[in-house]
Amino acid sequence: MKNERRQQVVTTEGNVQHDAIIFSCCMEMELGGMQPLVASMPEVLLVSTLLETSPEIRPMLDAMERESLALQAGHIGILARLAEVVAALMVRSWAAGGGGSTTGWLGALQDPRLSRAIAMMHKHPGRNWTVAMLADEASQSRSVFAQRFLLVTGVSPLRYLTDLRMRLAFLSLSREHQPIETVAGQLGYGSLAAFSRAFKRSMGLSPGAVRATKTITIRQVQNDLIIHDLSYGAPTP
């Protein structure tokens, strides 16, 4: 993280513009099953609009300004932690405001029926789900649930479940370095071969390659994929 202070400037009209503190930082977020949320967010968020739903962002920004000006011992670590809180509040505020859309993953969460099915998939990703079982969670018929899910998210329920499992598997393999057999079993795969095929098809790499590589991130993998769409905003071609 770095910050820049702009000095006061006197305009031709004699007005004095106040100093400005500019923060810039880059955060790598390993969200696992929550990845579609960030994928659906806009590139730029205006804090001025987010303050309407999350006024607590303001004191966090004020605290960051004080730390950046005082430069006391430990200020870098404190700024990093404050930035994490601000980022979380911004995401929460954006989601609470409707996310600017009623489609995609966030739109599904705003649907009481679809959100129940999605919540159960996230809570029990290793369960042997069928479309009929998920429809029961949503209190809908199988056909109505499947059509509605595809219309809102752009993917079928079981495609969503597979992508969720693969993101969770990626984190377990790359960060926790769990054995491939353990990860496959936890996510409902009785066959290691079936898990490996699904993982390679979804992520573009074998489970073994991900587990052996310590520096790779899920974003790097996604950026290399052409056939896999994680936006959930439109039907997959």
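The values are calculated or read from the model by the stated rules, or taken from the named source; none is laboratory data. Fair warning: this is a prediction, and the values are worked out from it, not measured in the lab. Glycine gets a Cβ as well: all are built from the backbone with ideal geometry, and neighbour counts include every protein chain shown.
Using the structure shown, decide if I21 is in contact with a helix residue (DSSP H, G or I) (Cβ under 6 Å, 6 or more places away or on another chain) and either at pLDDT below 75 or not assigned by TED's automatic domain parsing to the domain that holds V85 (or both).
It is true that I21 is in contact with a helix residue (DSSP H, G or I) (Cβ under 6 Å, 6 or more places away or on another chain) and either at pLDDT below 75 or not assigned by TED's automatic domain parsing to the domain that holds V85 (or both).
Could you tell me which of the residues E65, E84 is touching a strand residue (DSSP E or B) at 6+ places or on another chain (Cβ under 6 Å) and either modelled with pLDDT of 75 or more or among the hydrophobic types (A, V, I, L, M, F, W, C) (or both)?
On inspection, the qualifying residue turns out to be E65.
Let's see how each residue does on (1) aliphatic (A, V, I, L, M); (2) under 20 Å from the mean Cα position of the chain (by Cα); (3) buried (at least 19 other Cβ atoms within 10 Å of the Cβ); (4) modelled with pLDDT of 90 or more:
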residue	(1), (2), (3), (4)
R116	no, yes, no, yes
R167	no, yes, yes, no
E176	no, yes, no, no
M203	yes, yes, yes, no
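Please report, ordered by residue number, the helices (runs of 4 or more DSSP H) entirely within the stretch 124-215 with at least 1 residues that are within 18 Å of D111 (Cβ to Cβ) and in contact (Cβ under 8 Å) with a residue 40 or more places away in the chain.
Correct list: 142-153, 157-174.
Looking at A132, A138, A184, which one is surrounded by 19 or more Cβ atoms within 10 Å (Cβ to Cβ) and either among the hydroxyl-bearing types (S, T, Y) or more than 23 Å from the chain's Cα centre (by Cα) (or both)?
A138
Return the residues of the stretch 50-77 that are free of Cβ contacts under 8 Å to residues at least 12 places away in the same chain and assigned to a helix (DSSP H, G or I); say none if nothing qualifies.
R58, P59, D62, R66, A70, H75, G77, listed by residue number.
Starting from residues that are farther than 15 Å from S156 by Cα and more than 19 Å from the chain's Cα centre (by Cα), keep the ones in the stretch 118-129 and report whichever is surrounded by the fewest Cβ atoms within 10 Å (Cβ to Cβ).
Checked the stretch 118-129; the qualifying residue surrounded by the fewest Cβ atoms within 10 Å (Cβ to Cβ) is N128.
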